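I have placed the structure first, in the form of structure tokens, so that the comments after it can refer back to it.
The values are calculated or read from the model by the stated rules, or taken from the named source; none is laboratory data. The structure displayed is predicted, hence computed values, not measured ones. No Cβ is skipped: glycine too gets one built from the backbone with ideal geometry, and neighbour counts run over all protein chains shown. Just the protein is used for accessible areas: all its heavy atoms, side chains included, with ligands, DNA and RNA removed. Shrake-Rupley method; radii C 1.70, N 1.55, O 1.52, S 1.80 Å.
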Amino acid sequence: MKYRLAILGAGSIAHDMGETVQKTDIVEGYAVASRDLGRAEELARQYGFTKAYGSYEEMLADPQVDLVYIATPHVFHARQIRQCLEAGKHVLCEKAFTINASQARAVTALAREKGLLLAEAIWPRYMPMARVLRDFGASDQIGRIYGLTANLGYPVYHRERLHQRELGGGALLDVGIYPLTFASLILGDEVTKIRSQADLSDTGVDRTNQILLTYASGARASIFDTIAGPTDREGVIYGEKGYATVGNVNNYQYLRIYDAAHKLQEEILCPPQVTGYEYELQACVEAMDKGWTECPDAPHAMSITMMELMDIIRGQWGLEYPEL
Ligand SMILES: NC(=O)c1ccc[n+]([C@@H]2O[C@H](COP(=O)([O-])OP(=O)(O)OC[C@H]3O[C@@H](n4cnc5c(N)ncnc54)[C@H](OP(=O)(O)O)[C@@H]3O)[C@@H](O)[C@H]2O)c1
């Protein structure tokens with residue numbers, strides 16, 4: 001029997017998940033819950049889900065729901081994770097996992113207490129290419145890795161969720177998390193120094209930011225992310241004997257490894273994807289089957305570490321979010 005999935009919040013990414021569920025055979029597309037019944041019905045109809053609910057609470061009261069996918073703005077995540085866990089549901093919650101590290105610590109502790117799965121839907125961490133990158137970062141293929149650069153940007157500032165501080169808007173938590181994830185896969189998480197600056201918009205959120213990280217190994221990462229416009233999304237890894245480029249740090253398409261003479265040595269391509277979101281669903285199924293409260297590819301400690309990093313960075317700009 002397949003686990004029955006319910007989507008909480010029928011916005012943009014909920015459609016991508018609906019499509020993923022419909023096109024794969026990983027979980028059963030069971031329910032959609034929205035603040036607006038019509039929107040839930042439409043999404044359920046579009047992707048072949050069985051039930052539609054006009055409130056999140058009604059969906060959580062349905063004993064048939066096994067796993068809830070939270071697809072709302074970040075400021076609501078911690079509260080909704082708690083509601084799901086209290087209702088006895090496993091949870092896959094969109095990134096940014098919460099608004100800060102203290103919320104991340106609290107909800108992961110609750111998941112462990114309840115013995116339920118709580119996974120962050122930071123999709124590239126679950127992809128086969130994430131393993132390729134982690135192994136490459138630990139290898140000596142381009143000699144000692146002493147630095148990397150990564151950027152990510154989309155022209156999305158106009159979207160309500162992204163320019164409103166009350167909804168957790170800004171570039172860092174929405175897009176910056178991806179180049180930071182890329183840096184984490186390659187260089188690890190022993191960050192010793194963080195320098196950053198941001199262009200804050202009229203509404204007080206970071207439209208564009210730059211982050212410089214120094215690691216215990218001495219390596220450095222330079223991150224640029226923005227919701228003001230598109231960027232080339234490239235990651236470049238620098239070693240003493242060569243360098244490597246990664247196409248799209250939001251959804252790793254290739255790893256190209258060059259020697260010091262700029263000659264291509266090796267190219268590893270991303271395997272064919274359905275949407276790319278199938279891997280996080282597969283990881284949830286494996287974890288639920290095995291009774292785990294976290295997924296090994298994106299464990300609780302990782303979610304907390306990433307939130308701690310982003311707390312410090314935001315603190316450098318004085319950007320605060322409401323805690324709901
Ligand atoms: N993994 C990825 O690739 C990816 C991509 C995009 C976004 N995300 C993440 O997914 C989450 C949602 O992003 P999105 O782009 O799907 O956002 P969106 O299109 O604005 O949809 C968010 C949904 O949240 C619900 N919601 C509940 N209370 C709300 C409120 N007060 N104001 C606005 N919406 C409210 C709404 O659903 P109902 O009205 O139907 O209840 C709304 O449709 C964010 O945390 C984001 O970082 C992830």
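Summed over region 10-31, the residues that are open to solvent by less than 30 Å² (accessible area, probe 1.4 Å), over 10 Å from Leu43 (Cα atoms) and small (Gly, Ala, Ser) give a count of 1. Any residue at all in region 129-145 that is within 16 Å of the ligand (Cβ to nearest atom) and either open to solvent by 10 Å² or more (accessible area, probe 1.4 Å) or assigned to a helix (DSSP H, G or I) (or both)? Yes, that holds for at least one residue.
Is it fair to say Ile312 is assigned to a helix (DSSP H, G or I), touching a helix residue (DSSP H, G or I) at 6+ places or on another chain (Cβ under 6 Å) and either modelled with pLDDT of 95 or more or within 28 Å of Ala106 (Cα to Cα) (or both)? No: the conditions fail for Ile312.
Residues that are open to solvent by 40 Å² or more (accessible area, probe 1.4 Å) and assigned to a loop (DSSP other than H, G, I, E, B) do occur in region 106-120.
Just one of the listed residues (Ser55, Ser102) is within 16 Å of the ligand (Cβ to nearest atom) and open to solvent by 10 Å² or more (accessible area, probe 1.4 Å), and it is Ser55. For region 35-47, the candidate set comprises residues that are buried (at least 18 other Cβ atoms within 10 Å of the Cβ) and closer than 26 Å to Gln282 by Cβ; within that set, the residue that is farthest from the ligand (Cβ to nearest atom) is Tyr47. Among the residues of region 84-94, which ones are touching a strand residue (DSSP E or B) at 6+ places or on another chain (Cβ under 9 Å) and not in a loop (DSSP other than H, G, I, E, B)? Answer for region 84-94, where residues must be touching a strand residue (DSSP E or B) at 6+ places or on another chain (Cβ under 9 Å) and not in a loop (DSSP other than H, G, I, E, B): Cys84, Leu85, His90, Val91, Leu92, Cys93, Glu94. If I ask for residues that are open to solvent by 10 Å² or more (accessible area, probe 1.4 Å) and within 11 Å of the ligand (Cβ to nearest atom), which ones from region 146-182 would you list? Residues satisfying the conditions are Tyr154, Val156, Arg159, Glu160, Arg161, Gln164, Glu166, Leu167, Asp174, Tyr178.
If I filter region 231-248 for residues that are under 19 Å from Phe97 (Cα atoms), of a type outside the set (Gly, Ala, Ser), under 21 Å from the mean Cα position of the chain (by Cα) and surrounded by fewer than 20 Cβ atoms within 10 Å (Cβ to Cβ), do I get at least one hit? Checking region 231-248: not a single residue is under 19 Å from Phe97 (Cα atoms), of a type outside the set (Gly, Ala, Ser), under 21 Å from the mean Cα position of the chain (by Cα) and surrounded by fewer than 20 Cβ atoms within 10 Å (Cβ to Cβ).
Among the residues making up region 1-28, those that are more than 13 Å from the ligand (Cβ to nearest atom), closer than 17 Å to Gly276 by Cα and in contact (Cβ under 8 Å) with a residue 24 or more places away in the chain are Val21, Gln22, Lys23, Thr24, Ile26, Val27.
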